[in-house]
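The values are calculated or read from the model by the stated rules, or taken from the named source; none is laboratory data. Small disclaimer: the values here were computed from a predicted structure and weren't measured. Reconstructed Cβ throughout: ideal geometry from the backbone, glycine too, with neighbour counts over all protein chains shown. SASA here: full protein model, heavy atoms, side chains in, ligands and nucleic acids out. Shrake-Rupley method; radii C 1.70, N 1.55, O 1.52, S 1.80 Å.
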Amino acid sequence: MLLSLVLHMYSMRYLLPSVLLLGSAPTYVLAWGVWRLLSALLPARIYQVVDDRLYWVYQSTVLFFFENYTGVQILLYGDLPKNKENIIYLANHQSTVDWVVADILAIRQNALGHVRYVLKDRLKWLPLYGCYFSQHGGIYVKRSAKFNERDMRRNLRSYVDAGTPMYLVIFPEGTRYNPGQTKLLSASQTFAVQQGLPVLKYVLTPRIKATYVAFDSMKNYLDAIYDVTVVYQGKDNKGEREESPSMTEFLCKECPTIHIHIARIDKKDVPEEQEYMRRWLHERFEIKDKLLIEFFDSPDPERRNKFPGKCVHSKLSLKKTLPSLLILSGLTAGMLTTEAGRKLYVNTWLYGTLLGCLWVTIRA
């Protein structure tokens, strides 16, 4: 019985982060909504600066739990610049935690508020946040034939014209790699063969559309592309490729180490024509695949479970995350202490979600 209780308590380690992060959502969206109204007659640039700061507050609260709370060890390889830049972030996709890894790198460049995502279209229906992400600069896209290139170009060019700082996160595989989903991997490899491209083992064949449109729309505004390769190393990792942790498993401290390899590619080294970029993007994923094969399958034990090159253990200071946690939780607690505040809180959840769904429906 005692063992069952211990196991139950261990599995509930994700509960506190989940309650605080979801529970503070109405507070955050309400604060953003007030600022949106107040800034309606101000220049877009002023609105964006404050919105980016608000986003920093929420995302650094997220990082408090995903880094400080879990105690995960972050190992960085390659060349992550210290200063923030306007970039496109391209990474392998294997877990819901991948979105947080982009934050992990961005905060180390003081660019956390500038992170914006290219998201699957169905995520626009998320309560409260579905609408907000598009307001912050996120781009919702549909797959394959339904991909709306015109809308994506229009949105990105509007951000460029407004001088919006850009840390645009794209996962070119389009869906998460899972070593247990053999049908998905087989379909990806078949597609590569049909396109005359090398077959990949530990990543899926990348799709070009979102990456090409993003680069083509912002090429005169960008500084570089970050090619990021991520491995989640679990407690019982024996050098084999396993399913990556979910957010719940990660918050239960099932992943003690994240290995992150960063290659900074200057924009002048990226081909501009779509067909050449298609080949270039696949070559970048061939490099990722070789890194992952070496990580998991190298015949030399000394070269397994790490990326080649110098490794830096990067620890995030509480000074960058704890103040945001205290601000958000304090504001939320203050709202819930009064009857009027509780009513506002519930109405924000309810009507904020309904208005957000209505907004994305109109914009669709």
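Kindly provide the set of residues from segment 54-83 that are open to solvent by less than 20 Å² (accessible area, probe 1.4 Å) and part of a helix (DSSP H, G or I), ordered by number. Within segment 54-83, Tyr55, Gln59, Ser60, Thr61, Val62, Leu63, Phe65, Phe66, Glu67 meet the criteria.
If you check Leu184 against the conditions, is it among the aliphatic types (A, V, I, L, M), more than 26 Å from Ala111 (Cβ to Cβ) and open to solvent by 40 Å² or more (accessible area, probe 1.4 Å)?
Yes, satisfied.
In summary, Thr182 fulfils each of the numbered conditions (1) at pLDDT below 90; (2) in contact with a Leu (Cβ under 9 Å, 6 or more places away or on another chain) with the single exception of condition (2).
Could you please let me know if Tyr28 is buried (at least 17 other Cβ atoms within 10 Å of the Cβ), free of Cβ contacts under 8 Å to residues at least 60 places away in the same chain and either in a helix (DSSP H, G or I) or not acidic (Asp, Glu) (or both)? Spelling it out, it is not the case that Tyr28 is buried (at least 17 other Cβ atoms within 10 Å of the Cβ), free of Cβ contacts under 8 Å to residues at least 60 places away in the same chain and either in a helix (DSSP H, G or I) or not acidic (Asp, Glu) (or both). Exactly one residue out of Tyr140, Tyr159, Tyr212, Tyr202 is of a type in the set (Phe, Trp, Tyr) and within 18 Å of the chain's Cα centre (by Cα), and it is Tyr140. In segment 247-279, the qualifying residues are those that are among the polar types (S, T, N, Q) and touching a helix residue (DSSP H, G or I) at 6+ places or on another chain (Cβ under 9 Å), and the one that is farthest from Val62 (Cα to Cα) is Gln274. Looking only at segment 152-172, decide whether some residue is in contact (Cβ under 8 Å) with a residue 12 or more places away in the chain, surrounded by fewer than 20 Cβ atoms within 10 Å (Cβ to Cβ) and under 17 Å from Ile287 (Cβ atoms). Within segment 152-172 (the criterion being in contact (Cβ under 8 Å) with a residue 12 or more places away in the chain, surrounded by fewer than 20 Cβ atoms within 10 Å (Cβ to Cβ) and under 17 Å from Ile287 (Cβ atoms)), the answer is no, since none of the residues qualifies.
Within segment 251-266, residues that are of a type in the set (Lys, Arg) have Cβ atoms under 9 Å from residues that are assigned to a strand (DSSP E or B) and surrounded by fewer than 22 Cβ atoms within 10 Å (Cβ to Cβ) in these pairs: Arg264/Gly78; Arg264/Ala224; Arg264/Asp227, counting only partners at least 6 apart in sequence or on another chain. Restricting attention to segment 110-147, and to residues there that are farther than 22 Å from Ser60 by Cβ and aromatic (Phe, Trp, Tyr), which single residue is surrounded by the most Cβ atoms within 10 Å (Cβ to Cβ)? Among them, the one singled out is Tyr140.
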